[in-house]
Amino acid sequence: MRDVPRRRFIHTLGLGVAALATRSVRLVAQAPRRIVVVGGGIMGASIAYHLAKRGAGVTLLEKRAPGTGATANSFAWINAGAKRPRGYYELNHLGMAGWRRLQGELGPSTLVVQWGGTVQWQAAADRAEAFRKAVASQQAWGYGTRLVDVPEMRRLVPALEPGPVAAASFCEEEGTVDPVGATRLLLEAAVAHGAVVRHPADVTGFDLDGTGIRGVRVGGETIAADAIVVATGVEMPGLMRPLGVDVPMEESPGLLAHTTPHARLFDRVLVAPGATLKQLPNGEIVTGVDFGGSPSRETTPAMGARLLAGAGRFVPKLAEATLDRVTLGFRVLPADGQPVIGRVEGRPNVYLAAMHSGITLAPAVGQLAAIELLDGVEVDLLAPYRLARFAKSR
Ligand SMILES: Cc1cc2nc3c(=O)[nH]c(=O)nc-3n(C[C@H](O)[C@H](O)[C@H](O)COP(=O)(O)OP(=O)(O)OC[C@H]3O[C@@H](n4cnc5c(N)ncnc54)[C@H](O)[C@@H]3O)c2cc1C
């Protein structure tokens with residue numbers, strides 16, 4: 001490494017910069033100068049932003065339009081409390097802090113995060129003890145959650161009719177964000193830092209150079225790259241297979257009903273028995289069944305009416321809302337439920353990022369991936385998420 005005066009450096013070299021002090025920048029010899037990010041969902045956008053902010057030469061290629069994959073169909077609850085094991089909880093918690101950091105960087109009135117917290121409850125008496133224990137264990141990790149009674153639930157959400165409540169909690173730390181809007185903002189900010197965003201740009205293959213990759217193929221064109229980040233969501237296994245790289249993933253569909261904008265009913269995330277609800281800043285109400293895979297893929301108005309009726313058990317005024325649409329999304333779910341993040345063994349300039357809870361995680365993963373890619377280090381917190389774990393478990 002060597003230090004060079006900032007102005008001269010920018011004029012003569014331009015890229016491959018890790019900005020440090022105000023008067024000088026440090027040239028990291030092994031840092032890749034041209035990084036191609038494949039995939040313009042929240043994950044690709046966050047990684048591109050964090051790389052470009054640090055001076056890397058970034059080109060992001062998106063097959064359709066930014067924020068049209070899992071990101072478009074996400075409930076986008078920003079949370080960590082129930083995540084296990086401890087390291088995965090910490091990563092999600094860092095993601096939550098990351099959203100606050102990004103609001104500072106992009107402007108809180110530009111990047112709007114609804115930090116209303118979450119009211120969550122359990123109706124079944126035989127699950128109350130487990131619920132209370134879960135809240136206590138989250139508190140022991142320093143998470144900002146606590147048990148609440150029904151009067152407090154009503155105070156927090158006046159429109160709520162919770163029905164039977166065996167145990168309930170309020171987590172003041174959590175929130176929700178418009179995932180597509182946030183993706184676009186991150187890409188705009190990446191472009192402001194010099195990144196190039198291209199769509200539609202379908203990456204169909206790679207130009208190989210021994211174990212490395214020299215470029216990606218888009219149509220008849222090859223775009224040269226020193227490093228490639230693959231953030232193609234559920235399409236990662238298909239893109240990586242020709243390279244002999246197996247990314248095991250589960251299929252996990254999820255339905256959400258969206259209303260047209262409605263008068264404000266509530267401003268917190270509600271996690272009720274068998275229904276999740278939120279209301280966006282524009283008044284749109286979004287509701288789903290739970291956070292597991294959905295048994296149905298039906299996006300009919302009848303399904304929408306069923307989802308709204310289920311949620312309406314807890315917010316009766318929902319009966320006045322008008323269904324706009326039902327969306328079907330597919331979670332980006334590696335086979336063991338944990339993220340896949342990091343370089344591919346044997347192909348050191350290929351970096352993968354595929355995970356569920358990607359909305360919560362995007363700010364942290366973007367920042368940590370930029371450290372790994374630009375500084376040539378391995379971040380401890382990401383060690384459990386290397387793809388190689390699947391090969392080792394076989
Ligand atoms: C129903 C549902 C509810 C969810 N709820 C939550 C939640 O409450 N909280 C939370 O944190 N997370 C939640 N998630 C998960 C979260 O939405 C995802 O983890 C996240 O959106 C994944 O982002 P991504 O950028 O990795 O993938 P995607 O958004 O799928 O983006 C991948 C992009 O890559 C592009 N692409 C694919 N192949 C190519 C190619 N060959 N060339 C160029 N581009 C390509 C695609 O077009 C796509 O735009 C939910 C997901 C679903 C489906």
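No value in this document is a laboratory result; all are computed from the given coordinates. Since we're looking at a predicted model, the values are computed, not measured. Here the Cβ positions follow ideal geometry from the backbone for every residue, glycine too, while neighbour counts run over all protein chains shown.
Listing for the model above:
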| quantity | calculated |
| --- | --- |
| Under-5 Å amide H pairs with V230, H placed in peptide plane, nonlocal only | V38, Y351, L352, A353 |
| Sequence of W115, W121, W141 once ranked by neighbouring C-beta atoms within 10 Å, starting from the fewest | W141, W115, W121 |
| Per-residue HN-Hα couplings for segment 206-216 [Karplus 6.51, -1.76, 1.60; θ = phi - 60°; Hz; x = Gly/Pro] | 10, 9, 8, 9, x, 7, x, 10, 9, x, 10 |
| I213 long-range amide H proximity, modeled H, under 5 Å | N349 |
| Kyte-Doolittle at least 1.0, axis length at least 15 Å by Cα - qualifying DSSP helices, the chain | 179-192, 358-375 |
| Calculated Rg and Dmax of the chain using C-alpha coordinates, Å | 22.0, 69 |
| Distance between segment 218-282 and segment 39-65 - C-alpha centres, whole angstrom | 15 |
| Whole-Hz ³J(HN,Hα) from phi, Karplus 6.51 cos²θ - 1.76 cosθ + 1.60, for segment 381-387, glycine and proline x | 4, 9, 4, x, 10, 6, 4 |
